[in-house]
Amino acid sequence: MTDFIPTRAIGILGGTFDPIHYGHLRPCLDLLQQLNLAEVRLMPNHIPPHRAAPGSNSEHRLAMASLAVAHCDDLSIDTRELTRTTPSYTIDTLIELAAENPNTPVCFLIGLDSLNSLHTWYRWEELLNYCHLVVSYRPNYELTLAPEVQKILEQVQTTDVEALQQQKQGRILLWPSTQLEISATRIRQLIENQQSPQYLLPDNVLSYIQKNNLYT
Ligand code: ATP
């Protein structure tokens, strides 16, 4: 067996980012610092398999995400799912990322709701062959896991942040975090109702939305 000499882990946050907001950005920075990640990449979906099509097109969502991270060296945008013409299944993305970064653990960042529905994801049992899962949850939130997910969690859960750096993949870390009460849905509704979403998202993203008449 070849030795695994790790480089610092990276984080990945997937989403529609329609539009990107501080509820996405601030937790990325918190996790970057608390888990000692080398970087966090935001990865906009092209055709989300589990959701209705988003309100603005890929080009706009990418432009907004790029503006949002323009002044932060530790955050970047990974466009691979946007440039695919087929549905972007997480497993395909993780296989690619693991192959590109043979010595770098990949921490896939999800919320507790995603862990609760993990058993519905395409080829979910294989995800941990390619990444760690870092699950942010609000303190006092309840786990309602499918029995098959619960079983895996019992086998691979860690509370040790260092385990995510020392092993290439395969661990689940439940990470308590205070979440900002911001959603893209709320921002879209505010704009639709001709109210301002200022302070929920970066100013340069809001300017872009206004300039391009998005969500009106
Ligand atoms: P929508 O309101 O359109 O459903 P959203 O605001 O939830 O969108 P997504 O693009 O679906 O945004 O989110 C991408 C990822 O960011 C998901 O994993 C989601 O759980 C997480 N996320 C979204 N909002 C927050 C928030 N306020 N705090 C922490 N994580 C968030």
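The values are calculated or read from the model by the stated rules, or taken from the named source; none is laboratory data. Being a predicted model, the structure only gives us computed values, none of them experimental. Backbone-built Cβ (ideal geometry, glycine too); neighbour counts: all protein chains shown. Surface accessibility is based on the protein's heavy atoms, side chains included, excluding ligands, DNA and RNA. Shrake-Rupley method; radii C 1.70, N 1.55, O 1.52, S 1.80 Å.
Things to note:
- Whole-Å distance, taken between Cα centres, linking segment 82-123 and segment 129-187: 14
- Counting only Cβ charges, +1 for Lys and Arg and -1 for Asp and Glu, the dipole size of segment 1-137 around its Cα centre is about 240 debye.
- Estimated 222 nm signal from helices in the chain, with DSSP H stretches of n ≥ 4 weighted -39500 (n - 2.57), rounded to 500: -9500 deg cm²/dmol
- Relative packing of peptides 16-26, 92-102 - highest average C-beta neighbours within 10 Å first: 16-26, 92-102
- Under the criterion of Cα pairs below 8 Å and six or more residues apart, the relative contact order for the chain equals 25 percent.
- Equivalent ellipsoid of segment 91-157: semi-axes from √(5λ) of the C-alpha gyration tensor, largest first, are 22, 13, 10 Å.
- Tyr137 sits among other residues whose Cβ lies under 14 Å from its own Cβ, and their net charge, with Lys and Arg +1 and Asp and Glu -1, is -2.
- Three-way shape call for segment 10-181 based on the alpha-carbon gyration tensor, with the a/c threshold at 1.5: rounded
- For the chain, the solvent-accessible area works out to 52 Å² per residue, with a probe of 1.4 Å and every protein chain left in place.
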